[in-house]
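The values are calculated or read from the model by the stated rules, or taken from the named source; none is laboratory data. Since the model is a prediction, treat every value here as computed from it, not as a measurement. With ideal geometry, Cβ positions are generated from the backbone for all residues, glycine too; neighbour counts draw on all protein chains shown. Just the protein is used for accessible areas: all its heavy atoms, side chains included, with ligands, DNA and RNA removed. Shrake-Rupley method; radii C 1.70, N 1.55, O 1.52, S 1.80 Å.
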Amino acid sequence: IEAVSSFRMAKKEANTLNDPYLQVLINVNISDIYYKNHLFSQSLAYLNQAMALINQHNIPGQLLKSVIYCNKAENYFRMRMPDSLKKYNRLLYEAKGGSARLYTFRRRSDYYLALLNKDYNGAINQLKALKTDRTYQYEPEDDQNLANAYYYAAKPDSAKAIATRLLNSAAGNNQPEIRLHRDEILGDIAERGHNPQAAWQNYKAGLQQAKE
């Protein structure tokens, strides 16, 4: 709440300065806060404002547009909207530039599409390849999605191994949203394995992450 309030104050100052580039950056940051709180419609609204400013003022450079395309892809993935995700996957591939960041955006949206299309084995293969790809910026969220892919591919042992590794890693314990999904999938695996005590413990831990 404090971050959104501060960014909105900064947005007023950027409007006063008539600085559209700064306005774009602020909109993207506000969007990111809404995204992390699973308020996807609000996140998309600020990304739309950012893109409108880029087009209105002809702000040069591809990176800002690519960040917006990537963030929209992230939102549509969480909203489980494969058609919209496919559009931004295409726009990321049409974007000019060869940065490692753009490469990561493209490849991440590739496996997002595989997951939404229920091609879980395909997503597993993509993620395993990305883990050894030095150009790709592999993050804890990717491991979280790999665990989900294993779970839905009916490979609970592999899913549990990754979720447990996240449980014991500093990176996996640093973000409440990652811990929430980790505890949720461990709870699902325990429930499917007819272990109600372990399922209850993991769901209880997930509830704590949801509160955070």
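Note on region 83-129 and region 14-80: Cα centroid distance 19 Å, given to the nearest whole angstrom.
Charge dipole of the chain (Cα centre as origin; +1 on each Lys and Arg Cβ, -1 on each Asp and Glu Cβ, all else neutral): 360 debye, rounded to the nearest 20.
Once the Cα atoms are used to define both axes, helix 176-192 deviates from the longest principal axis of the chain by about 30 degrees. Taking a straight line from the alpha carbon of residue 96, these lysines sit under 23 Å away, with near neighbours fewer than eight places off in the same chain left out: 65, 72, 86, 87. Along the axis of the charge dipole computed for the chain (Cβ charges of +1 for Lys and Arg, -1 for Asp and Glu, origin at the Cα centre), the listed residues 190, 56, 3 are led at the positive end by 56. Pairwise Cα separations in region 37-167 fall into 10 Å bins from 0 onward with the following percentages, short to long: 12, 39, 34, 12, 2, 0. Helix 63-78 and the long axis of the chain differ in direction by around 40°, with both axes built from C-alpha atoms.
Using a probe of 1.4 Å, the accessible surface attributed to residue 87 totals some 100 Å² when neighbouring protein chains are kept in position.
Taking the C-alpha atoms only, the angle from helix 20-36 to the longest principal axis of the chain is near 20 degrees.
The heavy atoms of residue 7 offer some 60 square angstrom of accessible surface to a 1.4 angstrom probe.
Applied to region 128-145, the Karplus parametrisation 6.51 cos²θ - 1.76 cosθ + 1.60 on θ = phi - 60° returns per-residue 3J(HN,Hα) values of 5, 5, 5, 5, 9, 8, 5, 7, 7, 8, 6, 10, x, 4, 5, 4, 4, 5 Hz, with x for Gly and Pro. Rolling a 1.4 angstrom probe over the protein heavy atoms with all chains in place gives the chain an accessible area of 55 Å² per residue.
What's the carbon and sulfur percent of the chain's accessible surface, probe 1.4 angstrom, rounded to a whole number? All intermediate terms of the calculation are to be shown ahead of the outcome.
Working: 5960 of 11710 Å².
Carbon and sulfur together cover 51 percent of it.
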